Amino acid sequence: AVTEQPSAVTASNNKGPWVINLVSTPSKADADRMTGKALSRGIQTEQQEATVKGKQYWRVQITGFATAEDARHYSETVREKLGLKAVWIKKR
């Protein structure tokens, strides 16, 4: 099945440096739950490990946006689909 997600399809094809971070959690199980929730709504994500102040965190991200504006635009759709109050955008 093909999902209607032109921004993400474009994003995954161009391997751009901008990402949308959905969550950052010290719990791998929480990260896995968010990954599953996103996937169930047709949103492809990646998990990245990060160390913050000596503690390990898992970040669930949508990667590959060419510009911050592309990521910002798609983040509105993602927040609505996943019921998130906030996401953050950063450059890799």
Problem - Evaluation of K85 against (1) over 19 Å from W18 (Cα atoms); (2) not in a loop (DSSP other than H, G, I, E, B) (one fails), failing number - result: (2)
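Inside the stretch 59-75, can you point out the residues that are without any contact (Cβ under 8 Å) to a residue 40 or more places away in the chain and under 12 Å from the mean Cα position of the chain (by Cα)? Give the steps one after another, and end with the answer.
The initial filter retains those residues of the stretch 59-75 that are without any contact (Cβ under 8 Å) to a residue 40 or more places away in the chain, namely 59-60, 69, 72.
Selection gives R59, V60, R72.
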Practice task
Of all residues in the stretch 42-88, count the ones that are among the aliphatic types (A, V, I, L, M) and surrounded by 19 or more Cβ atoms within 10 Å (Cβ to Cβ).
Solution key: 6
Practice task
Scan the stretch 15-31 and give yes if some residue there is surrounded by 14 or more Cβ atoms within 10 Å (Cβ to Cβ), modelled with pLDDT under 95 and of a type in the set (G, A, S), otherwise no.
Solution key: yes
Handout entry: Residues that are in contact with a helix residue (DSSP H, G or I) (Cβ under 9 Å, 6 or more places away or on another chain), within 24 Å of P26 (Cα to Cα), part of a strand (DSSP E or B) and hydrophobic (A, V, I, L, M, F, W, C), drawn from the stretch 50-82
Key = W58, V60, I62
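The values are calculated or read from the model by the stated rules, or taken from the named source; none is laboratory data. Since this is a predicted model, take the numbers as computed values, not measurements. Every residue, glycine among them, receives a Cβ derived from its backbone with ideal geometry; neighbour counts consider all protein chains shown.
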